[in-house]
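Q: There's a structure below that I have some questions on.
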Amino acid sequence: MIAEQVKQALKENRFKLAFQPVVSAAAGEVNFYEGLVRMIDKEGQPIAAGGFVPVIEQMGLMRLIDRKVLDLGLGALENNPEMNLSINVSGMTAADPVWLRRLEERLQDRLDIASRLIVEITETVALDDINESSRFVSSLTKFGCRVALDDFGAVFPSPARVKRCLGQNRWLIRPRHH
C-alpha cells in the first residue's frame, strides 16, 4: 500500500523538503539547513520520512526518493543564493551512477551551488563498503560539494579514526543524535 502511495506521490510531484536550521552553539547563527524529505498525502498533509522510508527501502525504491531529494535540494539552492543545505542520501545512492550523473549535469559550471551543498551519509553506510564510499565522496568533492558523516559515534569513537579509515580529510562530522 505505502509503495503505491509513494509511486503516485512521485508521479504527482508531491514530495517537498522541510528546512531544519542547524545552528552554531557558539555563535547562535544558522550554519546551514538540513533538507528533510516529506511526502504530501492526498489531503495535503506532510508525512515524515519515517512514515514511508523503511518500507520503500525494503522494496528497493529508495533511489527514486534520493533522486527526488537531489532535485528538490538543488532547486532550493538555485532559488536561495544565501542558503547552505544538507541532504541525506541512502546507502544505495553511493552506488547509483544515475544520481551522480544527475548531480554532475545540474552542477556544470555552478560552483556557487556546489559549494553550498552538503551530502550526508551515515557512518554505518560509509563503512559498509569503504571503497565505494571513497569513490562516492571523491566524486562529490570533485564537483565542489561537501560531505557530512551523519550519526557519528555509531561505530567509531573518534573523527580521526574515521578519517584514517576512509582516507578522506574533507568529511564534516555530525554527532549521533541521542
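Q: Before we move on, is Val89 without any contact (Cβ under 8 Å) to a residue 12 or more places away in the chain and either open to solvent by less than 20 Å² (accessible area, probe 1.4 Å) or in contact with a Pro (Cβ under 6 Å, 6 or more places away or on another chain) (or both)?
A: Spelling it out, it is not the case that Val89 is without any contact (Cβ under 8 Å) to a residue 12 or more places away in the chain and either open to solvent by less than 20 Å² (accessible area, probe 1.4 Å) or in contact with a Pro (Cβ under 6 Å, 6 or more places away or on another chain) (or both).
Q: Kindly provide the set of residues from region 24-76 that are in contact (Cβ under 8 Å) with a residue 24 or more places away in the chain, of a type in the set (D, E, K, R) and either open to solvent by less than 20 Å² (accessible area, probe 1.4 Å) or out of contact with any Asp or Glu (no Cβ under 7 Å at 6 or more places or on another chain) (or both), ordered by number.
A: Glu34, Asp41, Glu57, Asp66, Arg67, Lys68, Asp71 - these are the residues of region 24-76 that are in contact (Cβ under 8 Å) with a residue 24 or more places away in the chain, of a type in the set (D, E, K, R) and either open to solvent by less than 20 Å² (accessible area, probe 1.4 Å) or out of contact with any Asp or Glu (no Cβ under 7 Å at 6 or more places or on another chain) (or both).
Q: Right, Glu12: within 30 Å of Lys142 (Cβ to Cβ), of a type in the set (D, E, K, R) and surrounded by fewer than 17 Cβ atoms within 10 Å (Cβ to Cβ) or not?
A: Taking the combined requirement at face value, the residue does not satisfy it.
The values are calculated or read from the model by the stated rules, or taken from the named source; none is laboratory data. None of these values were measured; they are calculated from a predicted model. Methodologically, a virtual Cβ is constructed for each residue, glycine included, from the backbone with ideal geometry; neighbour enumeration extends over all protein chains shown. All accessible areas refer to the heavy atoms of the entire protein, side chains included, with ligands and DNA or RNA removed. Shrake-Rupley method; radii C 1.70, N 1.55, O 1.52, S 1.80 Å.
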